Structure formats: C-alpha cells, structure tokens
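In what follows, a single structure is set out as structure tokens and then discussed.
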Number of protein chains: 2
Amino acid sequence: MRVTISDVARAAGVSKGAVSYALNGQAGVSEDTRRRILSTAAALGWTPSLRARSLSSSKAYALGLVVARDPRLLGSDPFFPSFIAGIETTLADRGYSLVLTVATKTGSEESSYRRLAHEGRVDGVILSDMRTNDSRIALLLELGLAAVTLNRPETPSPFPAVCMDDTEGISEAVQHLIDLGHTRIAHVGGSQHYIHGLSRRNAWANTLELNGLATDLFVEADFGAVQGVAATADLLGRANPPTAIVYANDIMATAGQAYAQQQGLRIPHDLSVTGYDNTEYAQYLTPALSSIGSDPLRWGSAAAQVLLNQLEGTHDGEDVVLPAPRLITRGSSAAPHGRNTTGSQ
Amino acid sequence: MRVTISDVARAAGVSKGAVSYALNGQAGVSEDTRRRILSTAAALGWTPSLRARSLSSSKAYALGLVVARDPRLLGSDPFFPSFIAGIETTLADRGYSLVLTVATKTGSEESSYRRLAHEGRVDGVILSDMRTNDSRIALLLELGLAAVTLNRPETPSPFPAVCMDDTEGISEAVQHLIDLGHTRIAHVGGSQHYIHGLSRRNAWANTLELNGLATDLFVEADFGAVQGVAATADLLGRANPPTAIVYANDIMATAGQAYAQQQGLRIPHDLSVTGYDNTEYAQYLTPALSSIGSDPLRWGSAAAQVLLNQLEGTHDGEDVVLPAPRLITRGSSAAPHGRNTTGSQ
DNA sequence: AGCCTTAACTAAACCGGTTCAGTTGCCGAT
DNA sequence: ATCGGCAACTGAACCGGTTTAGTTAAGGCT
C-alpha cells in the first residue's frame with residue numbers, strides 16, 4: 001500500500017488537514033509543526049496521489065497537444081519531435097505530463113479538443129501551426145480550456161503567445177542573395193493557410209520590393225518534399241527562371257535541390273538555394289544547405305512554461321518573444337552564373 | 001455544474017450504487033430498472049468523470065509511450081507519427097488517451113517509466129525500438145506496469161508482443177537483387193543494439209549464404225541520413241565495391257543514393273539500391289526507390305488493442321502476428337552493369 | 001477582569017465515482 | 001407455515017486528497 005496523507009497525519013500526531021496545509025505551504029500551521037510534518041512525510045516516503053489531487057482540485061496536471069496533419073507529411077517534419085522534447089523538459093520539472101493527440105481525418109481535430117476538455121484530461125493546450133482565421137481560438141474559449149499559441153495569430157486571441165519571428169531570417173536570406181547579385185529570387189512557400197506560410201512569403205516579398213525587385217516568382221506548396229519538387233519544376237520551367245530559390249523549409253529545399261541537380265543544374269553555380277529549420281542533415285548535403293536555424297526545443301520549453309504560469313496565475317500577460325532565428329550560410333548559395341567564390345562541387 | 005451520478009440517481013429515484021451497477025452492466029439491478037436508469041442518464045446528458053473514476057478504480061485510462069532517441073534523429077523518422085496516429089485510432093474508441101514522453105538524455109528513459117508508473121499516469125506502456133537484452137523488461141516488472149512489445153524480444157518477456165516480421169521483406173529484396181544477377185550485395189544496417197537492426201542484417205546474411213554469396217559487405221549505421229552517407233562512402237570506396245546496397249531504412253537509402261549520384265554513379269545502372277519503410281517520398285525520388293512497405297499505422301493500432309485487451313483480461317496470451325511487409329519494386333533496382341531493362345534515368 | 005481578535009489546529013464535508021455490507025421481498029422447497 | 005436462498009436494491013464506506021466550518025487557547029486592549 002502506498003503512504004497516504006492520513007498515514008503522515010497519524011505519524012506526526014496531527015490531522016489530515018494540517019498535513020495538507022503544511023505540504024502546500026499554506027497558512028494554518030506553525031513553522032515548528034510544518035517542519036515536523038514535512039520531515040515525517042519525507043521519512044515515510046510520502047508522495048501525493050495524482051488521482052486524488054486531480055479529483056479534489058479539479059485539475060489534470062497535464063497539458064495537451066493536438067497535432068493536425070497528414071501523418072505521412074508529419075513523418076518528415078523534424079519540428080515536432082524536438083518541440084515535444086522541449087515541452088517535456090519543462091513539464092517534467094513541474095510534475096505535469098503531455099497528452100498527445102494526432103488528428104488525421106478532417107473534423108477529428110475539433111473532436112480531439114472537445115474530448116480533452118470534456119474528459120478533463122488536460123488543463124490547457126499548446127496551439128501550434130496557427131492558421132489564418134484559426135477556428136480553434138473560439139473553440140477553446142467555448143470549451144473553457146487554457147492555451148498558449150505559437151506566434152500571435154492575426155485575429156484577436158485572448159491567449160498568451162510565444163513568438164519566434166520567422167520573417168527576419170527569410171529577409172536575411174533574401175538580402176543575402178541580393179547582395180550576392182541575384183535579381184530573380186523565387187520563393188517556394190508552405191501552405192498559405194498557416195500564418196508561418198504567409199509570413200515567410202510576405203517577408204520574401206517585402207525584402208524584394210524594398211530592393212525594387214519583382215515578386216512574381218512564387219509557388220505555394222505544402223511543406224512536403226513532393227510538392228517541393230513540383231514547385232521547383234514549375235519555377236525552373238518558366239520562360240525566365242530564377243537564379244535562386246528561397247524555400248519555406250529544409251525538406252522542400254532538399255527535394256528541390258536534388259531535383260534541380262538531376263535536371264543537370266549545378267548548385268550553387270546555376271541555382272542558389274536556401275532552406276528553413278536548419279535540419280540536422282542540412283549541413284551534410286552536397287552542397288551543404290544554407291538554412292535558417294529555428295529552435296523548436298526552446299520554443300517548446302518556453303510555450304510550456306508560459307502555459308503553466310498562466311494556469312498558476314503568475315503569467316504577466318505579455319507575449320514572450322524568443323530570439324529570431326538567423327541565416328546560416330553554407331555552400332548552396334553563391335553569386336549567380338559562376339561568379340561564386342566557393343566553387344561548384 | 002456537470003451532471004453527476006447522484007443527479008441521475010435522484011432523477012431515476014434510485015440510489016447511487018444502483019446507477020453505478022446499471023451503467024457498468026453489472027448484476028444488481030433488474031432489466032427494467034437498468035433501462036430506466038440508462039435513459040435518464042442519457043436524458044440528463046451524464047458522462048462519467050474520468051477523475052473520479054480514476055481515483056476509485058485505481059486506473060488511469062491512459063497508455064504511455066516513451067520515445068528514447070536523439071530528437072534530431074527522431075525528426076527524420078517517419079515511423080513514429082504514423083505509429084502514434086495508429087495508437088490513437090484504437091485509444092479514442094475506447095476512451096483512453098496517450099501520454100507521450102520523449103527521453104533525450106541518457107538515464108531519462110528509465111526515470112520516465114518510473115515517473116509514469118509512480119504517478120499512476122498510465123495503465124500500461126507500449127515498448128518500441130526493442131533492444132537486445134532490453135533492460136526495460138525487468139524495469140517494468142519491478143514497476144508493475146503492463147506492457148506490449150513491438151516484436152518479440154530475444155530475452156524472455158512476460159508481455160504480449162505484436163509482431164511484424166521484417167526479415168521476410170529484406171530476404172525478398174536480397175533475393176530480388178540476386179535474381180537480377182547481382183553477386184556483390186551490401187547491407188547498410190541500423191544500430192545493432194536494436195533487434196530490428198539485427199534481424200534485418202541476419203535476413204540479409206542468411207539469404208546471401210543460402211545463395212552461396214559472401215557476406216562481407218556490411219556496415220553498421222544508426223538509421224540516420226548522415227551515417228547512411230558515411231556507410232555508403234565506405235562501401236563504394238572498397239577495392240571490390242558492391243553493385244547493390246540493401247539499406248535498413250529509406251532515410252539511409254535516400255541519402256546513400258544521393259551520395260552515389262553525386263559521386264557520378266548512375267542508379268540503377270551502376271548501383272542498385274533498396275530501402276525499408278516505403279516512406280511517402282520514396283516513390284518520388286529519381287529514380288523511385290524500391291522499398292519495403294511497413295505499416296506503422298496498423299502496428300500502432302494493433303499494439304494498443306492488445307495492450308487494452310491485456311488490461312481488461314481479455315487477451316488470450318498469444319502474440320499477434322501482423323502481415324509481413326513486402327518489397328515494392330521501383331526504378332532504383334535493376335540488373336547490374338547496364339543489363340537492366342528499365343533504363344538508367 | 002472581561003471581551004475581542006487571531007493563530008493554530010481539528011473534524012467533517014466534498015470531489016464523483018466504485019464497492020461492500022446489509023436489508024427487503026419474493027420464490028420454491030420442506 | 002416456515003425457512004433458506006436469491007435477486008434487487010439501499011446506505012455507507014472508500015479512494016486520497018482539498019477546503020470549509022468550527023474549536024481552543026493565547027494574547028492584546030480597555
């Protein structure tokens with residue numbers, strides 16, 4: 001049998017209530033008694049029962065994450081594993097756990113949130129992959145679930161946000177290519193339903209416009225390798241193809257780069273390429289992929305912290321802004337038409 | 001306020017206990033009363049409180065999955081997202097949830113299991129990535145946690161296993177290459193600490209020996225792209241290099257194939273290649289990658305089912321054997337030295 | 001001395017289920 | 001007619017905490 005609070009009370013010669021006060025740091029016991037209770041609790045090896053505590057305090061001591069993606073696409077995305085690992089570093093320290101749901105079919109996303117809320121599985125959820133006009137915000141308000149969002153949605157949201165600006169890195173990449181002498185710089189974007197698909201495109205377009213360059217070389221893809229190749233084929237097949245492509249993530253950049261090479265193009269001699277995410281394999285590609293190094297581990301850890309603080313009422317209401325990821329220049333980007341310095345291969 | 005069992009009892013004019021019996025299908029109420037109770041419960045919109053039920057029945061109504069991998073490696077593995085999605089299809093139907101833990105640092109794997117057990121977060125865990133002499137089996141016995149293993153470990157295990165034989169697909173791939181005329185067939189294996197790393201190597205070696213061929217062309221890697229490239233470089237740099245390489249997964253095959261192409265080899269003309277997992281992008285590579293199509297979705301669903309049955313005492317004790325994945329032949333494998341029929345490119 | 005306040009604590013209710021120990025009434029067996 | 005046995009149900013204990021209401025004793029103030 002496990003040691004209960006009553007065992008501690010009996011051993012310390014006090015009532016259950018006093019033990020509860022002592023253990024939770026509340027007023028109602030003298031310092032002497034508190035110390036005595038704490039030491040007997042430690043001596044008996046008492047640990048609180050999560051279930052009992054959940055019932056009486058109406059809390060789950062768990063956070064939820066609903067991942068709504070085609071699992072096949074999800075499989076190639078390096079974001080979530082690191083992100084989840086980051087969440088866990090925070091949660092484990094604070095005695096919380098993560099309840100993960102993968103919503104594959106349409107409509108199962110909403111029902112996942114409903115179920116988590118209705119069963120009281122979690123005290124709050126982390127919203128990732130924010131979309132334009134994201135219906136989840138109203139849903140969570142209806143359900144009364146706490147939440148934190150990754151980046152601030154463009155529609156009003158009462159939830160705190162943990163932000164990692166992705167426009168700066170994209171702008172940096174575009175400017176880097178312009179500085180190298182490129183004038184026809186394309187963008188293979190992610191789905192524009194996602195705010196990070198949209199914001200990356202906008203950053204690309206804005207930087208080009210600031211430099212007086214055209215913004216016609218855009219193709220929307222879905223962050224997956226297959227559509228990355230298709231978008232690349234589209235761009236390279238145009239009458240006046242780009243000399244550089246800024247991809248919205250490494251997967252599409254990798255696939256696009258491989259496609260271009262198979263078409264006989266030399267990289268970066270004939271085509272410069274940049275990615276986003278700084279995936280582990282990016283530096284091992286030939287040529288190594290210039291990329292923007294986001295930090296999902298830190299993002300996850302920060303998001304969990306903000307949400308826990310929010311639940312405990314210690315969050316100050318301000319959005320947390322993490323350092324913007326920076327461009328890491330590697331061999332895949334150089335001056336156009338052989339004016340590069342690194343050599344092609 | 002939510003509707004409780006007492007509300008239902010009052011409305012139906014019976015005691016709390018009777019309602020509990022009726023709702024759980026237990027003896028102790030007449031059929032008439034049961035129907036009346038059920039209909040009033042439905043009318044009031046009653047749903048059980050997970051927390052109250054957890055406390056009184058000492059169950060968590062949740063399963064655990066501890067993923068112990070370098071998160072960077074994990075990011076490129078398409079297995080887990082689909083696998084988790086499969087688990088969920090079963091769990092959601094039965095009112096269970098999944099508690100996910102990512103163990104990154106050494107030692108955190110064991111403490112993760114300890115925490116899940118000690119806090120009573122889960123009723124059982126799914127053991128994936130089985131290792132030779134897997135210490136988790138003894139650990140879980142000590143903790144008194146139920147479990148199911150993916151494939152049967154070579155050491156005695158009291159837990160049911162859900163098996164998906166991976167030797168058959170590898171043997172098929174090797175035989176396929178032999179039938180095409182290859183005699184120097186290499187294997188880039190995954191970590192040999194994993195039983196699926198070991199079994200794939202054994203299948204490769206056995207099939208070669210059955211055909212009287214040498215088994216010296218083996219390099220161990222870690223299932224990651226980077227080591228896949230290194231292993232490929234090792235093999236291709238040997239005095240008598242292989243004409244075909246059987247990789248233990250698609251990631252290494254993809255990276256290896258790209259490396260070989262960058263070295264000027266034509267695939268499949270100069271080198272045939274096969275993968276494992278049948279990743280979504282495999283069919284879009286140039287050439288499309290011959291691979292072995294495992295089914296993580298189904299595996300996850302089956303594993304969860306077996307574990308839930310085990311918890312409910314309705315599991316028959318037999319291991320569940322799922323259909324062995326088969327080889328899907330694509331453009332990356334052909335007869336050696338230009339005697340291929342599909343053409344190179 | 002008498003009254004009021006407050007700190008320190010106890011007893012009991014409560015969260016919402018499950019389950020055990022009785023109680024009642026009906027039936028068949030003797 | 002009487003007893004035993006069982007089905008059908010009730011009341012209360014129980015899971016292990018939190019929280020509220022109430023008790024006691026000490027100290028401050030007039």
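Largest first and in whole Å, give the semi-axes of segment B:1-149's equivalent ellipsoid, each being the square root of 5 times a Cα gyration tensor eigenvalue. Don't skip to the answer; put the middle values down first.
Working: eigenvalues 325, 52, 32 Å².
Ellipsoid half-lengths, sorted descending, are 40, 16, 13 Å.
Beyond 48 Å, what percent of the Cα pairs of the protein assembly as shown remain? Kindly include the intermediate steps, with their values, before the conclusion.
Details: 56461 of 237705 pairs.
That tail contains 24 percent of the Cα-Cα pairs.
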CD proxy at 222 nm, helix term only [per DSSP H run n ≥ 4: -39500 (n - 2.57); per residue of the protein assembly as shown; nearest 500]: -13500 deg cm²/dmol
Surface accessible to a 1.4 Å probe, A:VAL14 within the full protein complex, Å²: 40
Accessible solvent surface per residue of segment B:42-140, calculated while the other protein chains remain in place, 1.4 angstrom probe, Å²: 36
Degrees between helix B:250-262 axis and first principal axis of chain B (Cα, 0 to 90, nearest 10): 30
Chain A: angle of helix A:167-180 to the longest principal axis, Cα-based, in degrees nearest 10: 20
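Using mean Cβ contacts within 10 Å as the protection proxy, how do B:294-301, B:262-269 order, highest first?
Numbers: B:294-301: 22.9, B:262-269: 17.1.
With the highest mean Cβ count within 10 Å placed first, the list reads B:294-301, B:262-269.
What is the calculated FRET efficiency for B:CYS163 to B:ASN206, with r their C-beta to C-beta distance and R₀ = 22 Å, to the nearest 0.05? Walk me through the numbers before you get to the answer.
Working: r = 18 Å, r/R0 = 0.82.
Efficiency computed from Cβ-Cβ geometry: 0.75.
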Cβ-vector label at 7 Å, B:ASN206, separations to other copies in nm: 6.1
Three-way shape label, segment B:151-236, alpha-carbon gyration tensor, a/c 1.5: oblate
Gyration tensor (alpha-carbon) shape descriptor, segment B:167-293, a/c threshold 1.5: rounded
Portion, in percent, of the accessible area of segment B:69-179 that falls on carbon or sulfur, probe 1.4 Å: 52
On Cα atoms only, tilt of A:79-94 relative to the major axis of chain A in degrees: 20
Inter-copy label distances at B:ASP70 (7 Å, Cα→Cβ; nm, one decimal): 3.0
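Taking a ≥ b ≥ c as the square roots of the Cα gyration tensor eigenvalues, with a/c under 1.5 meaning rounded and otherwise prolate when a/b beats b/c, else oblate, which class fits segment B:71-130?
Working: a/c = 2.53, a/b = 1.07, b/c = 2.38.
Oblate.
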³J(HN,Hα) computed for each position of segment A:298-310 - Karplus, 6.51 cos²θ - 1.76 cosθ + 1.60, integer Hz, glycine/proline x: 5, 5, x, 4, 5, 4, 5, 4, 4, 5, 5, 4, 4
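With only Lys, Arg, Asp and Glu charged, each at its Cβ (+1 for the first two, -1 for the last two), find how big the charge dipole of chain A is about the Cα centre; round to the nearest 20 debye.
Details: 28 positive and 34 negative charges, 233 e Å.
Roughly 1120 debye for chain A.
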Distance between modelled label sites at A:SER15 and A:ASP32, nm, 7 Å Cα→Cβ extension: 2.0
Area hidden from solvent between A and B (accessible, protein heavy atoms only, 1.4 Å, total, Å²): 4200
Label geometry 7 Å along the beta-carbon vector: A:PRO158 inter-copy distances in nm: 5.1
Segment B:28-87-segment B:219-274 distance, computed between alpha-carbon centres (Å): 44
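The values are calculated or read from the model by the stated rules, or taken from the named source; none is laboratory data. Since the model is a prediction, treat every value here as computed from it, not as a measurement. Reconstructed Cβ throughout: ideal geometry from the backbone, glycine too, with neighbour counts over all protein chains shown. Keep in mind that these areas ignore ligands, DNA and RNA; they rest on the heavy atoms of the full protein, side chains included. Shrake-Rupley method; radii C 1.70, N 1.55, O 1.52, S 1.80 Å.
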